[in-house]
1. Quick check on my filter: what residues within segment 44-62 are under 20 Å from GLY123 (Cβ atoms) and within 16 Å of the chain's Cα centre (by Cα)?
2. Please work out if ASP112 is in contact (Cβ under 8 Å) with a residue 60 or more places away in the chain, in a loop (DSSP other than H, G, I, E, B) and not basic (Lys, Arg).
3. Just to be sure I understand the filter: pairs with C-beta atoms under 6 Å, separated by 6 or more residues or on different chains, first member in segment 63-81 and within 15 Å of GLY121 (Cβ to Cβ) and among the small types (Gly, Ala, Ser), second member open to solvent by 30 Å² or more (accessible area, probe 1.4 Å) and part of a loop (DSSP other than H, G, I, E, B). Which pairs pass?
4. Pairs under 6 Å by beta carbon, first residue open to solvent by 20 Å² or more (accessible area, probe 1.4 Å) in segment 93-109, partner modelled with pLDDT under 60, six or more apart or different chains?
5. If you check ALA47, ALA19, ALA38, which single one turns out to be at pLDDT 90 or above, surrounded by fewer than 15 Cβ atoms within 10 Å (Cβ to Cβ) and either closer than 27 Å to VAL164 by Cβ or not basic (Lys, Arg) (or both)?
Amino acid sequence: VAAAPAWDTVLAADVVATAMKQTLLLQGWQPATTAGCAAGAKSERGATTKHDIYSLAFDSATAESAFLHHPMPDNWDGGTVTFRVWWYAKTGYTATTSDGVAWTLKATAYGDDEAIDAVFGTGVTVTDTGTGNDRLEKTADSAALTIGGAGAGEMVHWAISREVGDAA
């Protein structure tokens, strides 16, 4: 019987994760207590097929925000993250030279027995240009976002705002 080749066993220490994706679904996001967006609501979109869409409404004239708590995986290294925002214009879209949106995301993390009143990392902004009412839009990937106090397996407090003074 021949000995097993050396490559037959893979040790956990030999595996390096180079990229990880997390999806933060809208259903978990809530309006912030101060300057919060409208509460999440379901509505039918489209004249023919009537698709139900769940969304948070952000005012175009006032900076509003929403938050989410999301635990990061234990194997996350606490490094920077990137994000993109999926959005749509529900009503009142008018094609102009300023028909876009700007979204800023910031985050902080806290672990077991750590104070909840932790400092947020610097927010990162992404912009996008709308193309019409009831059309799904998606921003490009953001620049690197540093999460304040981040560590593996910690709870992350995300805060997203629509920036009215910086429409694409």
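1. Selection gives LEU56, PHE58.
2. Values: in contact (Cβ under 8 Å) with a residue 60 or more places away in the chain: no; in a loop (DSSP other than H, G, I, E, B): yes; not basic (Lys, Arg): yes.
Spelling it out, it is not the case that ASP112 is in contact (Cβ under 8 Å) with a residue 60 or more places away in the chain, in a loop (DSSP other than H, G, I, E, B) and not basic (Lys, Arg).
3. GLY78/ALA150; GLY78/ALA152
4. What qualifies is SER98/ALA167.
5. Numbers: ALA47 fails: at pLDDT 90 or above; ALA19 fails: at pLDDT 90 or above.
When all the criteria are applied, what remains is ALA38.
The values are calculated or read from the model by the stated rules, or taken from the named source; none is laboratory data. Keep in mind that this is a model prediction, so the values were computed, not measured. Every residue, glycine among them, receives a Cβ derived from its backbone with ideal geometry; neighbour counts consider all protein chains shown. Accessible surface is based on the protein model in full, side chains and every heavy atom, while ligands, DNA and RNA are left aside. Shrake-Rupley method; radii C 1.70, N 1.55, O 1.52, S 1.80 Å.
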